[in-house]
Amino acid sequence: MDQTTRFVEGEDRAPQRENRILAALPRSERRQLLDAATEVALSVRTVLFEPGGAIDAVYFPTDGVISLVTPLHSGAIVEVATIGNEGIVGIPLVLPLTGFAVRAITQVAGHGLRLEAAAFIAWTEQSRAFQSIVNRYTQALFGQIAQAAACNRIHSSEERLSRWLLMSQDRVGSDDFTITQEFLAQMLGARRSTVSVSAGILQRAGLIRYTRGHVTIIDRAGLEAVSCECYAVIKAELDQVSPQGPER
């Protein structure tokens, strides 16, 4: 395993939420896949794969947030997509892709299910239901990447910060989560001073409380009003992937 991968097996074994991709599978298939997977806890800054590196497993987050970021020669990174309990980390195994120049890194700590690469590929070949939902999610993920490219270019720091907070809240399932200002600046491709000003604007408006790397969302409706259109566009596309709950 790549030495940059720092997941913790056997720690806090019960995932806090359910992965929506797995929840959408027929019950019998879902049970088999869950038996084949390993529950893991993902700490902040866990790197799951590097640009062009081997992907030896895929992850189905159950809570927390994983960022796909593009690292630059200067050492800066820019976020191109976020993945939570609606998705899969390790999509390059599906196509497979070459030259997929992104790093997958945990930005908000959480839990997930780890499935070995060979098992994942076997499941996409043997299960039409699994293959179908993985393909739909892959399309939605690339839609998110395209939307993020436009968002990073056009929308203000306050709008992008609001989008990021809303998407993170959706994945974490809580009004409270921890993120450092430095890491948030990297995710948004902005200066720390810019993030500080934007967070201050949202806080003075009564939308959030942000102290020492801890965020509390106070007024979600107000935050949605400030956010750019990209939040609603990305959310709608992801919701179409797994609109139904698990089979009963």
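Suppose every Lys and Arg Cβ carries +1 and every Asp and Glu Cβ carries -1, with no other charges. What dipole size does the stretch 134-248 come out with about its Cα centre, to the nearest 20 debye?
Values: 13 positive and 12 negative charges, 62 e Å.
Using only the charged Cβ atoms, the result is roughly 300 debye.
At most 10 other Cβ atoms within 10 Å and a DSSP loop assignment: could you name the trypsin sites (Lys or Arg not before Pro) in the stretch 159-225 that fit? Don't jump to the answer; show the numbers that get you there.
Values: sites: ARG160, ARG163, ARG171, ARG191, ARG192, ARG204, ARG209, ARG212, ARG220; in loops: ARG191, ARG212.
In loop regions of the stretch 159-225 (DSSP not H, G, I, E or B), the sparsely surrounded trypsin sites (Lys or Arg not before Pro) are ARG212.
With K and R counted +1 and D and E -1, the other residues having a Cβ less than 13 Å from that of LEU202 yield a net charge of +1. Computed from the Cα positions only, the extents of the chain along the three principal axes stand at 52, 43, 34 Å, in decreasing order.
Exposed loop sites here mean GluC sites (Glu not before Pro) with a DSSP loop assignment and at most 13 other beta-carbon atoms within 10 Å; the chain contains its longest site-free run at 12-228.
Rounded is the label for the stretch 156-227, because a/c, from the alpha-carbon gyration tensor with a ≥ b ≥ c as root eigenvalues, stays below 1.5. Residue-wise HN-Hα couplings along the stretch 69-85, as the Karplus relation 6.51 cos²θ - 1.76 cosθ + 1.60 with θ = phi - 60° gives them from phi, are 10, 9, x, 10, 4, 6, x, 6, 10, 10, 6, 10, 6, 10, 10, x, 6 Hz; Gly and Pro carry x. Highest GNM mean-square fluctuation among ILE201, ILE21, ILE55, for the chain modelled with Cα contacts below 10 Å: ILE201. Computed from the C-alpha gyration tensor, the three semi-axes of the ellipsoid equivalent to the stretch 7-152 are 24, 18, 14 Å, from longest to shortest. Among ILE234, ILE179, sorting on how many other beta-carbon atoms sit within 10 Å of each Cβ, with the fewest leading, yields ILE179, ILE234. Net charge near HIS214: determine it from the other residues with C-beta under 12 Å of the C-beta of HIS214, scoring Lys and Arg +1 and Asp and Glu -1. With Lys, Arg at +1 and Asp, Glu at -1, the net is 0. With a cut-off of 11 Å between beta carbons, the residues surrounding GLY173 carry a summed charge of -3, where Lys and Arg count +1 and Asp and Glu -1. Shown for HIS214, HIS111, HIS155: other C-beta atoms within 10 Å of each C-beta, ranked fewest to most, produce the order HIS214, HIS155, HIS111.
Read the figures in this text as sums done on the coordinates, not as results from a lab. The shown structure was predicted, so the numbers you read here are calculated from the model rather than taken from an experiment. Glycine gets a Cβ as well: all are built from the backbone with ideal geometry, and neighbour counts include every protein chain shown.
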